[in-house]
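The values are calculated or read from the model by the stated rules, or taken from the named source; none is laboratory data. Predicted model only: the values in this text are computed from it and were never measured. We place every Cβ from the backbone using ideal geometry, glycine too, and count neighbours over all the protein chains shown. Surface areas here come from the heavy atoms of the whole protein model, side chains and all, with no ligands, DNA or RNA. Shrake-Rupley method; radii C 1.70, N 1.55, O 1.52, S 1.80 Å.
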Amino acid sequence: MFAETVTAIAADLKAGRYSSADITEHYLARIAEFDPGLNSYITVCADEARAAAARADALLARGEGGPLTGVPYANKDIFCTRGIRTSCASRMLDNFIAPYDATVVEKLTGAGMVMLGKTNMDEFAMGSSNETSWYGPVRNPWDLSRVPGGSSGGSAAAVAARLAPVATGTDTGGSIRQPAALCGITGLKPTYGRVSRWGMIAFASSLDQGGPMALTAADLALLMNAMAGHCARDSTSVERPAEDFTRLLAQPLTGLRIGLPTQYFAAGLDPAMREAVDAAVGVLRALGADTVSVDLPHAGYAIPAYYVVASAECSSNLSRYDGVRFGHRCDDPRDLTDLYTRSRAEGFGAEVKRRILVGTYALSAGYYDAYYGKAQQLRRLIQQDFTRAFAGVDVILGPTTPTTAFELGQKTDDPLTMYLSDVYTTAANLAGLPALSMPAGLIGGLPAGVQLIGNYFDETRLLNVAHQYQQETAWHLARPPHA
Ligand code: GLN
């Protein structure tokens, strides 16, 4: 029996129970069997994976491997990979092969990990359901008629369906946590600046942050050890001494102060979801944590502020796709204007165009103060809410999403309803705080997620709380029916 967590796979490799080649073949066979029904991968790189597994086995045989050597993983198709297509799930980049690896990919390759492939996602990471992908939607392995969440829906579905033991994701407004919650896995958005954005295709640069998605908090900690760290090629990367993200996993929760924001338990939260969150709070209390309610008075402004800031930044970031330098180019352009407009009209999907238009409008001379300026002021107020709350608590806890996974197509015609899926997640991005989602129950056979938000650079505490919770509960090990 092959182990399923990174921790257990690494132990098997170290003890020589299985080779990386065995484990890699196991995952490639599972992908071949189950992915046609899920569409969680855009690209599977079997040959490259086999070669990397052979290299890892040689290292392990010499006793030279590190803690992740030989462990397979998948990359969200937003991380540039040298020689392997990086599409960002857009027609615009359907033909794009990066000449370099993203820092995150470089680090994980350097740690000896074996990349199985590139996972599906919302186009340019814009979406909450993985339905905006040029390569078609991903299906949720818990119910194939439902969405896996987005934008890292391919990574979440692949990990939940055991088509990779761990995967990378990116989180601009919830894209690691929301799909993790909807697929019943554990995901961490680190503090802004913790994980290098170099080679991670930009959506909204002041919000984007890469992070790991796995079955357990302990696995996230192992991945963070390899992914995090200062990167001179990313000007917003933070310089801090290297840190062992596993170091607090075993710490008891006695005396931990958990803040429950009144605004996160108000109207709009599904009653069954509330019950699941309350039950998780009960488990943490039994482990010795204390709870107090906290006030985040500007929580209601997170969605509007986020969608203005994110759209504004994307309108600027995506201006580089002009049909000239790389990506899609229209046939037979008449002149330069025709080249720009037709390449962009053909290359981008509807949601990406909507964001570019909204962002350009919000940044335009006549509306800048009314929209972009206001959104930035709200961003600061939201951040100050958290600073005040963290004066009295160690972590903030609430639901990750207002409901469980919704039906495919249910929200595609109504972007505003779709945006509300991010009602609990965007604030952490606006403030730059670390946040984690962990499975905390099943509602009608669908996973429910609990979100933990931490203070700046306090990822080890989030991992500690989630790990202790996972020692007491088994939700994180529940297997979806379609896997
Ligand atoms: N769902 C949000 C959006 O559509 C968040 C996306 C993300 O985090 N990449 O913008």
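Descriptive notes on the structure:
- Residue in region 81-95 that is in contact (Cβ under 8 Å) with a residue 12 or more places away in the chain, part of a helix (DSSP H, G or I) and crowded, with 20+ Cβ neighbours inside 10 Å present: yes
- Applying the criterion of being part of a loop (DSSP other than H, G, I, E, B) and open to solvent by 20 Å² or more (accessible area, probe 1.4 Å) to the residues of region 137-146, the residue that is nearest to the ligand (Cβ to nearest atom) is Pro137.
- Any chance Gly300 is free of Cβ contacts under 8 Å to residues at least 40 places away in the same chain, away from the ligand (no atom under 14 Å from the Cβ) and under 22 Å from Ala181 (Cβ atoms): yes
- The one condition in (1) over 26 Å from Gln383 (Cβ atoms); (2) open to solvent by less than 50 Å² (accessible area, probe 1.4 Å) that Asp244 fails to fulfil: (2)
- Qualifying residue in region 213-231 (condition: more than 11 Å from the chain's Cα centre (by Cα) and either hydroxyl-bearing (Ser, Thr, Tyr) or assigned to a strand (DSSP E or B) (or both)): yes
- Listed by first and then second residue, the pairs linking a residue in region 29-51 that is of a type in the set (D, E, K, R) to a residue that is open to solvent by less than 30 Å² (accessible area, probe 1.4 Å) and assigned to a strand (DSSP E or B), with Cβ atoms under 6 Å apart and 6 or more places separating them unless they lie on different chains, are Asp35/Tyr41.
- In region 80-103, the condition of being within 16 Å of the ligand (Cβ to nearest atom), on the phi < 0 side of the Ramachandran plot and under 14 Å from the mean Cα position of the chain (by Cα) is met by no residue.
- For beta carbons closer than 7 Å, sequence separation of 6+ or different chains, a first residue in region 184-201 that is closer than 11 Å to Leu462 by Cα and a second that is modelled with pLDDT under 95 and buried (at least 24 other Cβ atoms within 10 Å of the Cβ), there are no qualifying pairs.
- Looking across region 379-425, the residues that are buried (at least 24 other Cβ atoms within 10 Å of the Cβ) and either modelled with pLDDT under 95 or within 13 Å of the ligand (Cβ to nearest atom) (or both) come down to Thr400, Thr401, Ser421, Asp422, Tyr424, Thr425.
- Condition check for Arg354: within 16 Å of the ligand (Cβ to nearest atom), surrounded by fewer than 21 Cβ atoms within 10 Å (Cβ to Cβ) and part of a helix (DSSP H, G or I): yes
- Residues located in region 152-206, provided they are among the basic types (Lys, Arg), open to solvent by 10 Å² or more (accessible area, probe 1.4 Å) and within 12 Å of the ligand (Cβ to nearest atom): none
- Of all the criteria given as (1) without any contact (Cβ under 8 Å) to a residue 40 or more places away in the chain; (2) of a type in the set (A, V, I, L, M); (3) surrounded by 22 or more Cβ atoms within 10 Å (Cβ to Cβ), the one not satisfied by Ala280 is (1).
- Residue identified as assigned to a strand (DSSP E or B) and open to solvent by less than 60 Å² (accessible area, probe 1.4 Å) among Ala49, Ala58, Ala10, Ala74: Ala74
- Apart from one condition, Thr216 fits all of (1) under 18 Å from Leu452 (Cα atoms); (2) in contact with an Asp or Glu (Cβ under 9 Å, 6 or more places away or on another chain); (3) of a type outside the set (A, V, I, L, M); (4) open to solvent by 10 Å² or more (accessible area, probe 1.4 Å); the exception is (2).
- Residue that is nearest to Phe326 (Cα to Cα) [pool: residues in region 357-372 that are in contact (Cβ under 8 Å) with a residue 40 or more places away in the chain, of a type outside the set (Phe, Trp, Tyr) and more than 16 Å from the ligand (Cβ to nearest atom)]: Thr360
- Total residues in region 294-339 satisfying the condition of being open to solvent by less than 60 Å² (accessible area, probe 1.4 Å), closer than 30 Å to Ile258 by Cβ and part of a loop (DSSP other than H, G, I, E, B): the figure is 2.
- In region 426-451, the residue that is farthest from the chain's Cα centre (by Cα) out of those that are more than 16 Å from the ligand (Cβ to nearest atom) and under 19 Å from Thr168 (Cα atoms) is Pro439.
- Verdict on Gly229 being open to solvent by 10 Å² or more (accessible area, probe 1.4 Å) and on the phi > 0 side of the Ramachandran plot: yes
- Set side by side, the residues Thr109, Thr132, Thr119 differ, and just one is surrounded by fewer than 23 Cβ atoms within 10 Å (Cβ to Cβ), of a type in the set (S, T, N, Q) and at pLDDT 95 or above, which is Thr109.
- Residues of region 442-483 that turn out to be under 30 Å from Val238 (Cβ atoms), touching an Asp or Glu at 6+ places or on another chain (Cβ under 9 Å) and open to solvent by 10 Å² or more (accessible area, probe 1.4 Å), as a count: 4
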